[in-house]
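Taking it in order: structure first as structure tokens, then the write-up.
The values are calculated or read from the model by the stated rules, or taken from the named source; none is laboratory data. Keep in mind that what you see is a predicted model, and the values were worked out from it rather than measured. Positions of Cβ are generated from backbone atoms using ideal geometry, with glycine treated the same way; all protein chains shown enter the neighbour counts.
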């Protein structure tokens with residue numbers, strides 16, 4: 001599964017068309033990671049707003065818990081992507097020249 005599809009799945013959006021398995025023109029790795037970080041920030045902001053609404057009494061506890069879980073899963077996914085990138089970098093650095 002491509003990183004674009006994973007990001008779209010975590011962010012709750014629709015997956016981009018991936019007939020060839022390649023990113024669309026102009027969408028590189030840097031943009032994909034940028035969107036991933038943006039989705040983490042967005043889900044955290046949504047969770048904060050949901051908790052604030054719950055505390056005000058204008059929101060539901062269930063909505064706040066769902067938003068918190070979504071933010072947690074998005075952050076966990078981002079950390080795992082980072083770990084894989086660091087591991088790949090370390091593997092490349094260990095290769096004999």
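Computed values, structure above
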{"read-out": "Selection count, the range 25-43, where residues are surrounded by fewer than 12 Cβ atoms within 10 Å (Cβ to Cβ) and either part of a loop (DSSP other than H, G, I, E, B) or at pLDDT below 60 (or both)", "value": "3"}
{"read-out": "Residue tally, condition free of Cβ contacts under 8 Å to residues at least 12 places away in the same chain, assigned to a helix (DSSP H, G or I) and exposed (fewer than 13 other Cβ atoms within 10 Å of the Cβ), over the range 59-81", "value": "6"}
